[in-house]
1. Within the stretch A:98-137, can you find the residues that are among the basic types (Lys, Arg) and either touching a strand residue (DSSP E or B) at 6+ places or on another chain (Cβ under 6 Å) or buried (at least 21 other Cβ atoms within 10 Å of the Cβ) (or both)?
2. Quick one: which of B:Thr33, B:Thr63, B:Thr56 is facing another protein chain (nearest Cβ under 10 Å) and surrounded by fewer than 11 Cβ atoms within 10 Å (Cβ to Cβ)?
3. So, of the residues in the stretch A:130-171 that are aromatic (Phe, Trp, Tyr) and more than 7 Å from chain B (Cβ to nearest Cβ), which turns out to be farthest from A:Leu188 (Cα to Cα)?
4. Given the conditions (1) more than 14 Å from every other protein chain (Cβ to nearest Cβ); (2) modelled with pLDDT of 95 or more; (3) surrounded by 14 or more Cβ atoms within 10 Å (Cβ to Cβ), report the number of the one that A:Gln67 does not fulfil.
5. Test each condition in (1) touching a helix residue (DSSP H, G or I) at 6+ places or on another chain (Cβ under 6 Å); (2) within 26 Å of A:Asp131 (Cβ to Cβ) for A:Ile33 and report the one that comes out false.
6. Does any residue of the stretch B:19-30 turn out to be out of contact with any Leu (no Cβ under 6 Å at 6 or more places or on another chain) and within 14 Å of chain A (Cβ to nearest Cβ)?
7. Would you list the strands (runs of 3 or more DSSP E) that sit entirely within the stretch A:169-248 and hold 1 or more residues that are among the small types (Gly, Ala, Ser), closer than 25 Å to B:Phe64 by Cβ and modelled with pLDDT of 90 or more?
8. Take the conditions touching a strand residue (DSSP E or B) at 6+ places or on another chain (Cβ under 9 Å), over 20 Å from A:Ile52 (Cα atoms) and among the polar types (S, T, N, Q) and apply them to A:Gln163. Does it pass?
Amino acid sequence: MASRKTSHRIRENGDKYSVLLPTYNERENLPLIVWLLVKYFGESGHNYEVIIIDDGSPDGTLEVAEQLQRIYGQDRILLRPRAKKLGLGTAYIHGVKHATGNFIFIMDADLSHHPKFIPEFIQKQKEGNYDLVSGTRYRGNGGVYGWDLRRKLISRGANFLTQVLLRPNASDLTGSFRLYKKEVLENLVERCVSKGYVFQMEMIVRARQLNYSVGEVPISFVDRVYGESKLGGNEILSFVKGLLVLFATT
Amino acid sequence: MTKLLQWLLGVSLLVAVWALVTWDLLDLSLPDTYRDVAWPMPLYLLVSFGCYSLATVGYRVATFNDCEDAALELQQQIKEAKDDLKRKGLKM
């Protein structure tokens, strides 16, 4: 109820934040993440919209999204579904095309990224007029929940190796909770070709290559509450392959 | 310049200096102690870098924050959200 009680203070500047939520089988999580977004944007008073890009989930995610649109209004919740699963990069391109904000948030819809950090992202961006602000699990109060020793070791090891090889000026390369200036996201996403974990890494490595400024905000990452999160041999192999490609090409 | 090229450049510079000193390629008639120090240097560097890497990764794994509070807070908010959404007419 907090979201309703808070009066909607209108900020004087004209900044608007578009949150892109690519979804695939997230009918459990989607209402919760949207509720949290409405709560925290309502409290901070920033102008916003949520763009849900559902890739034809068979579990009825889109139907839930339509209900949310009826509850929160068509100016807050925008639905831009696609017929089938087409990958993250194209989902962002698709979403940005319909975004009316001058800033874009990208985050996961599975509740591992908490909207409570959004005001900190916005404040950090304004502090240094950064081109992009990246959430980091590896600095300050940042951290993870639900990871065992093996997962932590792989994560830290992969991160160290990447830092040594690519020197990217950012501590969390595979994280996907970020705030971009709209034109920066458009420019970056056009150049990025990788998939999966590597996509987020490529985005930030290309940002360094193009001399974009990067700010960082420590975030807690709560591994997915509903559904499964996997890190198997295939993921590791494709990560290493992607890392080497970036090593040789950037 | 790509990172790969930067690395190749750096490594070949090091190898060149190492070869110069170890085999005295420029006939500088360096004292033997120089050669004795230079000769096993690549191995020392590799081992030190390996130790540094292991220590860094180990330390970072050991000090990786476990966000118990964040998980608890989220669980409570999920309950709150579900109740509120039900009141607003959402059928899950």
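1. If we filter the stretch A:98-137 for residues that are among the basic types (Lys, Arg), which is where we start, we get A:116, A:124, A:126, A:137.
Listed by number, the residues that qualify are A:Lys124, A:Arg137.
2. Details: B:Thr33 fails: facing another protein chain (nearest Cβ under 10 Å); B:Thr56 fails: surrounded by fewer than 11 Cβ atoms within 10 Å (Cβ to Cβ).
Only one candidate passes the filter, namely B:Thr63.
3. A:Trp147
4. With respect to (1) more than 14 Å from every other protein chain (Cβ to nearest Cβ); (2) modelled with pLDDT of 95 or more; (3) surrounded by 14 or more Cβ atoms within 10 Å (Cβ to Cβ), A:Gln67 is out only on (1).
5. The single condition A:Ile33 does not satisfy is (1).
6. Within the stretch B:19-30, none of the residues are out of contact with any Leu (no Cβ under 6 Å at 6 or more places or on another chain) and within 14 Å of chain A (Cβ to nearest Cβ).
7. Of the strands (runs of 3 or more DSSP E) lying wholly inside the stretch A:169-248, those with at least 1 residues that are among the small types (Gly, Ala, Ser), closer than 25 Å to B:Phe64 by Cβ and modelled with pLDDT of 90 or more span A:214-218, A:220-222.
8. no
The values are calculated or read from the model by the stated rules, or taken from the named source; none is laboratory data. Model, not experiment: these values are computed from the prediction. Virtual Cβ from ideal backbone geometry, glycine too; neighbours counted across all protein chains shown.
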